[in-house]
Structure formats: structure tokens, C-alpha cells
Amino acid sequence: TRSPPRIPDPEAFFSMPAEEHPHEGTWLQWPHDYGWDDQHVKRYEQSWIEMTKALHTGERVHIIVYNDTEQKRVRNLLETKVYNIDMSQIDFHIYLTNDMWVRDNGPIFVLNEDDGTLCVSNWVFNGWGRKPDVEYDMDNYIPLKVGHNALNVPVIDIPMVHEGGSVEVDGRGTMMAKKSSILNANRNWTQRDAERFYKQFLGVTNFIWLDGKKGGDITDDHIDGTARFANGDTIVTFYKEDFENPREYKVLKNAVDINGKPYKIVHLPCTKKKIKAVGDYGIYTNFYVANEVVLVPSFNDPNDSVAAEKLQRLYPTRRVVSIPFTEVYCDGGLIHCITQQQPQEEKRRKE
């Protein structure tokens, strides 16, 4: 194995708040037709509009658009009376992008452990392990542009390959991840080396590792398609019979938090019917928790409402909004993959 690079500043520590931590806003990379698919707008855009509409009443929505033409087009679209969107809650940033998976390539927001101020952690994005048909050069620069240009906050350059969807944090010191994507020769080194980086830059010390499946999908199997933390004390996942690898379910059932306490387990179903275009069942674990709403994918399936009701019980103070997502699922992702939370700062006085 290759030796990992030296940690940039061993004295600086950062933590990533849980997704339920109050947000300043949510970042989206708006789909465009300038990349590998010239039908992205037609296929995807309605889902992005519905997400923006649901999110904007509770937090700002930061939209990255490809160019001036796209900014005008998307602004005109959102301003139409039919959507009833308060445009003072929306802002636009013109940056070139290859694709729209902002969870994986975009800024990972962390708080400085010293004073609680917001920073952008800029990990290396290499197209999910340099997949041969993936262009990622422009996407890899998005964290730098967001940190330096859009927000003017410190940017921490981290010499490790990392995608946001490959980890889940409970906000209390525990991280869930799959070995297949992070500890893969197309990205990184050993588990011990990766954990050193995560301890310093995500503020976690307790690790729950699932095996995952290399080559199962373009991401080499991200955790946010299988299991999620909720409310600091709960793991949301599939039913045991829906696991391809039953050992992964056993790991989750036996998982404990930083204090050695077991997590509650909440099970979400898969769709009752296979999604024809995908040849597989739809999943609901890839939801997104915002300030006022929980966005959950829907597939025109009887289990859409079952999953939404379970999430509503889990998040009683937030409104669960189902967003049609079959088209995006055809290309390998869902709602969590195309959203990124910007947490509110926790400014503290230095002792």
C-alpha cells in the first residue's frame, strides 16, 4: 500500500455536525445539458424545483449553476408564480460543473473545534476512484470556489480522497462507513490511516465499518444508500431480508455509540415493485434532513407512503416531503446524493 501523506496541521481539529444540526442553508448543483447527458434538464429539473420549494422556507438555498445563461433560465423558472418561492431565500453561484452530485464532490462543512467557526474541508474528489467514463476535473474545484469565493471562509486542503456520501456521522463522535469505497486501492490506504484523517477533520473517534461491495455501483457502495443516523441515537436502515450481505445488518444491530450504548434501529422498506428502468427496487434510506422538512425520494410505489410515515414519526417536528426521484435513481443516486448542508456556526469565546 502507498504511504499516506502527512496530516497538514496536526494541532488543528474540526468536527462535522450531524445533519439535524441547524442549517444556514442547503447547497445544490443544478442539472445542466453541457455534460455527458444532454437531456439532464428535461429528465431532472422538476425534482430540483420541488426540493428548492420545500427547502427555502426553512433555510437558504445556494444554487450552483453552470453559466450566465443557466442562471437566468433557472431564476426565471423559480420566479414563476406557480411555485410561490421567496427569491430572497435563494442565491446563485456560477461555477462550471461536470455533474450534480454535490454531496460527493462539493464542500464538506465542518466547525473549527477551537472557536466553532465554519470552515470548508476540501478533500480530493477523483470521480469515485477514477472511473474511466467519469469527468470530474471541474467538480473537484467546487469546495475551493465555495469556500474562497462564495463564503470567504477558511478552506482546509486535505490530501485524502473522500466523498460526502461515503460517511455518516451522528454528531456525537461516531462515524459509519463502508470499506469498499474508502479503503479501496482506487482511493486510499489502510483503515488505520483513514481513521487518523477522520478523527482530525470530522471529529470522530468511534467507527462502525461495513464491508460494502466494490464495483457494485459507480461509488463502490456508499453508506448513505444503506444506513443513516437519526437524532443521535438511532440507525435507519433496511429490513434484514433486504440486505445483500447479512453480515452488514449484524454489524449495525451490534453497533454502539461513543459511550458504548446500542443504537435504536428503525427499518425502512424498499419499494414493493422493481423500478423498470433500473431493474432493481427503490430505496428510501437516501433521505435528507433539513431545518423544517425531511425530503424523501418517491417512486410512484405503494411503499412511498409507508416510508414517509415512518420518517414522520422519527422527525415529528419536521414535515416529510416526498419528491419524485425515479429519473435520478436511473443514474445511480437519490436525494441525499445531490444535497449538502451548510451548518450554522457555533461561535465560542476562546478560553
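Neighbours of P22, meaning other residues whose beta-carbon lies under 14 angstrom from its beta-carbon, give a summed charge of -4 when Lys and Arg score +1 and Asp and Glu score -1. Residues of region 312-345 with backbone nitrogen within less than 16 Å of a virtual label 7 Å along the Cα-to-Cβ line of E24, please, listed as ranges. Answer for region 312-345: 340-345.
Assuming charge only on the beta carbon of Lys and Arg (+1) and of Asp and Glu (-1), the dipole of region 96-186 about its Cα centre is about 240 debye to the nearest 20. Between V134 and E309, residue separation times 0.36 nm minus the direct Cα-Cα distance comes to 59.3 nm. The packing ranking of peptides 148-155, 42-49, 166-173, highest mean first, is 166-173, 42-49, 148-155, where packing means the average number of other beta carbon atoms within 10 angstrom of each residue.
The charge dipole of region 180-271, taken about its Cα centre with unit charges on the Cβ atoms of Lys, Arg (+1), Asp and Glu (-1) only, comes to about 320 debye.
With a 10 Å radius around each residue's Cβ, average the other Cβ atoms per peptide and rank 318-329, 81-92, highest first. Display every interim value, and only then the final one.
On the way: 318-329: 19.7, 81-92: 12.2.
Result, highest mean first: 318-329, 81-92.
Label-to-label distance for M87 and N152 is 2.5 nm, based on points extended 7 Å past Cα in the beta-carbon direction.
GNM on the chain, alpha-carbon springs under 10 angstrom: the most fluctuating residue among E70, E163, E19 is E70. Seen from every direction in turn and averaged, the convex hull around the alpha carbons of region 133-179 projects onto 5.0 nm².
With the helix formula -39500 (n - 2.57) applied to DSSP H stretches of n ≥ 4, the chain reaches a computed 222 nm mean residue ellipticity of -6000 deg cm²/dmol.
Counting only DSSP beta bridges with both residues in the chain, what percent are antiparallel, rounded to the nearest 5? Close to 45 percent. Rounded to 0.05, the FRET efficiency of the K276 and D33 pair, given R0 = 25 Å and the Cβ-Cβ distance, is 0.55.
Calculated from the alpha-carbon coordinates, the chain shows an Rg and a Dmax of 19.1, 59 Å respectively. Between the amide H of V294 and those of R319, V320, V321, distances stay under 5 Å, these residues lying 5 or more places away or on another chain, with hydrogens modeled in the peptide plane. The alpha carbon centroids of region 11-90 and region 175-220 are separated by 28 Å.
Phi-derived couplings, Karplus 6.51 cos²θ - 1.76 cosθ + 1.60 at θ = phi - 60°, listed residue by residue for region 83-98: 8, 6, 9, 7, 5, 5, 8, 10, 9, 10, 9, 9, 9, 5, 9, 7 Hz, with x used for Gly and Pro.
Just so you know, all these numbers are worked out from the coordinates, no wet-lab data involved. Remember, it's a predicted structure, so these values are computed and weren't measured experimentally. Note that each Cβ is placed from the backbone with ideal geometry, even for glycine, and that neighbours are counted across all protein chains shown.
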